[in-house]
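The values are calculated or read from the model by the stated rules, or taken from the named source; none is laboratory data. The structure presented is a predicted model; accordingly, all values stated were derived computationally and were not measured. Because the Cβ atoms are built from the backbone with ideal geometry, glycine has one as well, and the counts that use them run over all protein chains shown. In case anyone asks, the SASA skips ligands and DNA or RNA and just uses the protein heavy atoms, side chains included. Shrake-Rupley method; radii C 1.70, N 1.55, O 1.52, S 1.80 Å.
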Amino acid sequence: MYVIATAGHVDHGKSTLVRALTGMEPDRWAEERRRGMTIDLGYAWTTLDNGARVAFVDVPGHRRFISNTLAGVGPVPAVLLVVAADEGWCRQTSEHVDALDALGVGHGVLAISRADLGYPESAEEEARDHLAGTSLAGIEAVPVSPVAGTGLGELRAALARLTEALPPPPDRPARLWVDRAFSVHGAGTVVTGTLATGSLRVGDELEVVPSGGRVRIRGIETLRTPVGEVRAVARVALNLRAVRPDDIARGSALVVPDQWAVTASMDVRLAVRTERPPAQALLHIGSASVPVRVRPLGADTARLTLAGPVPVRIGERALLRDPGRVGVAAGVVVLDPFPPPLGRRGAARRRSEELAAMTGAPDPAAEVRVRGAVRRAQLVRAGAIGGGDALPARAVETGGWIVDGEMWSRWRDGLAEAVDRWAAAHPMRPGLPPAAAVRELGLPDGALLDALVRQEPGLVADRDGVHRRRMTVTLPPGAQRALDDLLGRLAARPFAAPEAGELAEAGLTEGHLGVAVKRGDLVRLAGGVYLRPDAIDEAVRRLSALPQPFTASEARQALATTRRVALPLFEELDRRGHTRRVDARLRSVNGRG
Ligand SMILES: Nc1nc2c(ncn2[C@@H]2O[C@H](COP(=O)(O)OP(=O)(O)OP(=O)(O)O)[C@@H](O)[C@H]2O)c(=O)[nH]1
Ligand SMILES: [Mg+2]
């Protein structure tokens, strides 16, 4: 199927032509027929002599309904441009052609309508002059008068040639731009629209933009015929589950999930038609029109911030309009549907330099280079990389991320440096905390830290953080001396554990003692009792020499220690399975007595 939109000044005969070509009534509303004027979009279809089925989207010419006009033209790849022979090229003719040009519509037929009334040759010549330099320059022109019954055969032949010259739609996943949504008694919600790319099948799940959520296709009709599958380009009606018409009104889109950049912010190139685009504008894309804030970035590029999300891909065309005017303010080409925030000083200038180099053509290597690191899924959504495309040279792919080779080695070097710097500054806690590493390197995802560490044979990440494989925990010199003293005293009297006050006086803090325990210089028993690790074996040896079982006071004597040390030590020995309680008074060494 081929879908063709009409365009042209009010009253130039668009609907009359569609009626004559299809035998169907494009003006669906009583008010339209009463006023002899199209207000909303109309739909009609026919089969041409070459067998091509053509669906028309008939648009209003009156400037008051420009939003409807653009919603009709937006998703359609070809146009039937109508200029009345008696009035010639008019204001809305220009405005519509500006819009088509901005959208890059390059295929169409020029109908010089009402040929019975005026001077078709001069109207045609005038139109050709106006079209020169636009995307529609040189299209075939046919004088026609449905009223006099002349030229319709020639017009049908020209349309047949148009269908043969039309390239296939871009190879992209399905996106249906919705232009109507209503409830049908007993069937639920039905939406109609132009399927501009991809194909749809009954049972498919689709993402609804902008309202969010997923819907499943219950049934498909195309030109009032039920089908199981439909391919772009086509007019389709979908019967949907689980969505209300209000949530999927004109301007909504249905897209294959995870395959489109659904975004409310984008950087674009502007083909400016007015002096400068307004700061507040309407973005027309597909059947949608969305309020946007325009922030110029450089000579011909800008950041658009949309009132709601739209599904786009890199290279997509759209147009900006001043809400107070009919004419096109600027045509836009999407350069980046996932633009970086412009928070830091100088970010806007740097960004405009980056944008100047972008073409709107998908280029995975450039995407990765400019972004440094990007999720593969995001490149797929932006249309910058196909599922099977090779990675750019030297890029590293890990955990769903693609990282530029240069950035990766910068991160690796930066990590090694940060680890060493941290270890030098925190000799007692030499492991760099992961959160600090992520912050310091500016990693967009903590999972990338694990990947970086895995790549560095000399580094490990564990409970202590990221550190060199052989981690040396060092104490400040004063604390080390105090610890050495203490260890010396404990070597002579293993169970004479120092009191808290003594430790403090010696300058040994909890932190220092923690390091000593971690290094294995000391063991810590309940109640802040510190002993040398070999004191445990010494205790077992001495208690084994006692007659079994023994009392607590016999044990204290054997160890030459006090209750303060003995009680936690007994608990520790029990815990380690060296001793056990016999009754409330007695203990014995396991394996003895
Ligand atoms: N004499 C003559 N009148 C025509 C011809 N085609 C259309 N008309 C008349 O022109 C008027 C406008 O025709 P429409 O087809 O409604 O024009 P339109 O372009 O669809 O108008 P809008 O949708 O409102 O922009 C009607 O009164 C038609 O009868 C023609 O070939 N010859
Ligand atoms: Mg009309």
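Structure notes:
- V334 sits among other residues whose Cβ lies under 11 Å from its own Cβ, and their net charge, with Lys and Arg +1 and Asp and Glu -1, is 0.
- Residue ranking by accessible heavy-atom surface, 1.4 Å probe, largest first, among L483, L441 comes out as L441, L483.
- Charge dipole magnitude, Cβ of K and R +1, D and E -1 - segment 477-589, Cα centre, debye nearest 20: 360 debye
- Accessible area in the full protein assembly, largest first, 1.4 Å probe, for T93, T562: T562, T93
- Relative to one another, the C-alpha centroids of segment 71-105 and segment 478-514 are positioned 90 Å apart.
- Paramagnetic reach from R454 in segment 426-444 [backbone N under 18 Å; point 7 Å along Cα→Cβ]: 434, 438, 443-444
- Calculated FRET efficiency for the pair A356/R91, C-beta based, R₀ 45 Å, to 0.05: 0.80
- Ordering V97, A288, G383 by the projection of their Cα atoms onto the charge dipole of the chain, which places +1 on the Cβ of Lys and Arg and -1 on the Cβ of Asp and Glu, puts G383 at the extreme positive end.
- Accessible surface of segment 155-247 [probe 1.4 Å, protein heavy atoms]: carbon and sulfur percent: 47 percent
- Think of the chain as having a plus end and a minus end, set by charges on the Cβ of Lys, Arg, Asp and Glu; of P457, L136, G198, P457 sits farthest toward the positive end of this dipole.
- Net charge of Cβ neighbours under 14 Å - reference V191; Lys, Arg +1; Asp, Glu -1: +2
- Cα long-axis angle, helix 347-356 against the chain (0 to 90 degrees, to the nearest 10): 50 degrees
- The label point for A506 and the one for D464, both projected 7 Å from the Cα toward the Cβ, are 2.2 nm apart.
- The residues neighbouring S289, those whose beta-carbon lies less than 13 Å from its own, together hold a net charge of 0 under the Lys/Arg +1, Asp/Glu -1 convention.
- Rounded to the nearest 20 debye, the dipole magnitude of the chain is 2740 debye, with +1 charges on Lys and Arg beta carbons, -1 on Asp and Glu beta carbons, and the Cα centre as origin.
- Helix 405-425 axis versus longest C-alpha principal axis of the chain: approximately 30°, rounded to the nearest ten.
- Other-chain or far-sequence residues with amide H under 5 Å of D204's (modelled H): I217
- Calculated [222 nm] ellipticity per residue, helices only, for the chain: -9500 deg cm²/dmol; basis is -39500 (n - 2.57) per DSSP H run with n ≥ 4, divided by all residues, nearest 500.
- What a 1.4 Å probe finds exposed on segment 362-473 is 51% carbon and sulfur by accessible area, rounded to a whole percent.
- Only protein heavy atoms count here; under a 1.4 Å probe, S183 has an accessible surface of about 80 Å².
- Between helix 91-103 and the chain: long-axis angle, C-alpha atoms, 0 to 90°, nearest 10: 40 degrees
- Annotation: amide H-H contacts under 5 Å for G8 (H modelled 1.01 Å from N, sequence separation of 5 or more, or interchain): V82.
- The dipole here belongs to segment 261-361: it is taken about the Cα centre, uses +1 on the Cβ of Lys and Arg and -1 on the Cβ of Asp and Glu, and is about 260 debye.
- 19 Å reach of a label modelled at R64, 7 Å along Cα-to-Cβ, counting backbone N of segment 307-325: 323-325
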